[in-house]
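For reference, the structure discussed in these notes is given below.
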Amino acid sequence: MRAQVPDQAYDGRSPFPSATRPPAFPAGQAALTATIVVAPFVALAAGVWLAWGTGITLTDLLLATLFYVATGLGVTVGFHRLLTHRSFTARPWLRAALAVAGSMSFQGNVVDWVAVHRRHHAFTDRPGDPHSPYRYGTHLGGQLRGLVHAHLGWLFVDQPTQASRYAPDLLNDPAMVRIARAFPALCAASLLLPFTAGWALSGSLYGGLTAFLWAGLVRVALLQHVTWSVNSLCHMIGDRPHATRRHDRSTDLWPLALLSFGESWHNGHHSQPGCARHGRGPCQIDASAAVIRMLERLRWATDVHWPTDAPSRRVRLPRPPGAGWRGRPR
């Protein structure tokens, strides 16, 4: 991996040094990534067209909601708060179940996902961050290009994150290694299970196919873009009431709170990454934190790191023309 630019050498406004010469991406890997990204989105368009007639049923909607919640919480509670930030400790069976559920979201295997996200926190919005929207600078053109990069463009840039450096604990966990290796099979199961359930509940192949579309492909597309919006929108628009590290421009974006299960309280998360609750305010709905609270009461989760201090004083930072939101140092 390329050497990173020292923090004091980055001015917070310039393009990242590697941005002008993006490394070549292997054609085969690019095609596979494009398929995973584009196919669910195409299915979303097809689903909207079908819904105009009779291509959606209550069964489809219920199955889509069920699989969205299960795989979404697998990402937010499992991949993110448990495995990446270790904000609580889970029983081995629960740890494995959350990792399996998160793997069924089509967002990468558990080891790579954790490694990339830890790297994001190590270099937030400065050279080394794999998906910062400020990669191309803070001028208008750079921010628009950076927004696309942060949302999904980074998936097509060959900037490998070393799991041995950022996720050695998972590489030393046999259960996590097995789940990571099973990622392709878990993706297949993520689509086959809705199809099977739809066929069984409707008693027809057509019912299975519409469930495959809505609870399979469309559900994957929605969850992918909600997750990627935390990478992109939640570093460009929203409120910044909490102090974060230098150059960190993470924001709280309330419109995404429900669909992201509380992940869009991103500024609160970046202010205390190891905390199990991201929504720091009394009215900030955080479904993932509620699930962790329930797991704690069931004694399936222990050593939960809850916020202990009062919410940070709300601070609105000035926004210089074309400079974006500038991070406030700790």
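Are any residues in the stretch 46-66 closer than 24 Å to residue 109 by Cβ and either touching a Pro at 6+ places or on another chain (Cβ under 6 Å) or at pLDDT below 95 (or both), and if so, which ones?
Those that are closer than 24 Å to residue 109 by Cβ and either touching a Pro at 6+ places or on another chain (Cβ under 6 Å) or at pLDDT below 95 (or both): none in the stretch 46-66.
Show the residue pairs meeting these rules: Cβ distance below 8 Å; 6+ apart or different chains; first residue within the stretch 173-191 and closer than 12 Å to residue 96 by Cβ and touching a residue at least 40 places away in the same chain (Cβ under 8 Å); second residue in a helix (DSSP H, G or I) and charged (D, E, K, R).
The qualifying pairs are 175/95; 180/112.
I need the full set of residues from the stretch 207-231 which are over 21 Å from residue 116 (Cα atoms) and not hydrophobic (A, V, I, L, M, F, W, C), in order please.
Result: 207, 208, 210, 216, 219.
Among the residues of the stretch 243-256, are any crowded, with 22+ Cβ neighbours inside 10 Å, without any contact (Cβ under 8 Å) to a residue 60 or more places away in the chain and in contact with a helix residue (DSSP H, G or I) (Cβ under 7 Å, 6 or more places away or on another chain)?
yes
When only residues in the stretch 242-297 that are part of a loop (DSSP other than H, G, I, E, B) and among the charged types (D, E, K, R) count, which is farthest from the chain's Cα centre (by Cα)?
246
Is it true that some residue in the stretch 156-166 is in contact with a helix residue (DSSP H, G or I) (Cβ under 6 Å, 6 or more places away or on another chain) and not in a helix (DSSP H, G or I)?
Scanning the stretch 156-166 turns up at least one residue that is in contact with a helix residue (DSSP H, G or I) (Cβ under 6 Å, 6 or more places away or on another chain) and not in a helix (DSSP H, G or I).
Among the residues of the stretch 84-108, what is the count of those that are among the aliphatic types (A, V, I, L, M), in contact with a strand residue (DSSP E or B) (Cβ under 9 Å, 6 or more places away or on another chain) and crowded, with 19+ Cβ neighbours inside 10 Å?
So the answer is 2.
When you go through 233, 222, 259 one by one, which is the residue that is among the hydrophobic types (A, V, I, L, M, F, W, C) and farther than 30 Å from residue 199 by Cβ?
Details: 222 fails: farther than 30 Å from residue 199 by Cβ; 259 fails: farther than 30 Å from residue 199 by Cβ.
On inspection, the qualifying residue turns out to be 233.
Per-residue answers, yes or no, for (1) under 13 Å from the mean Cα position of the chain (by Cα); (2) crowded, with 20+ Cβ neighbours inside 10 Å; (3) free of Cβ contacts under 8 Å to residues at least 60 places away in the same chain:
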position	(1), (2), (3)
114	yes, yes, yes
118	yes, no, yes
128	no, yes, no
131	yes, yes, no
136	no, yes, no
139	no, no, no
142	no, yes, no
150	yes, yes, no
162	no, no, no
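Could you check, for the stretch 130-139, whether at least one of its residues is under 24 Å from residue 267 (Cα atoms), out of contact with any helix residue (DSSP H, G or I) (no Cβ under 9 Å at 6 or more places or on another chain) and outside any helix (DSSP H, G or I)?
Yes, there is a match, as at least one residue in the stretch 130-139 is under 24 Å from residue 267 (Cα atoms), out of contact with any helix residue (DSSP H, G or I) (no Cβ under 9 Å at 6 or more places or on another chain) and outside any helix (DSSP H, G or I).
The values are calculated or read from the model by the stated rules, or taken from the named source; none is laboratory data. Bear in mind that the values here come from a model prediction, so they are computed numbers and not experimental data. Cβ: placed from backbone, ideal geometry, glycine included. Neighbour counts: every protein chain shown.
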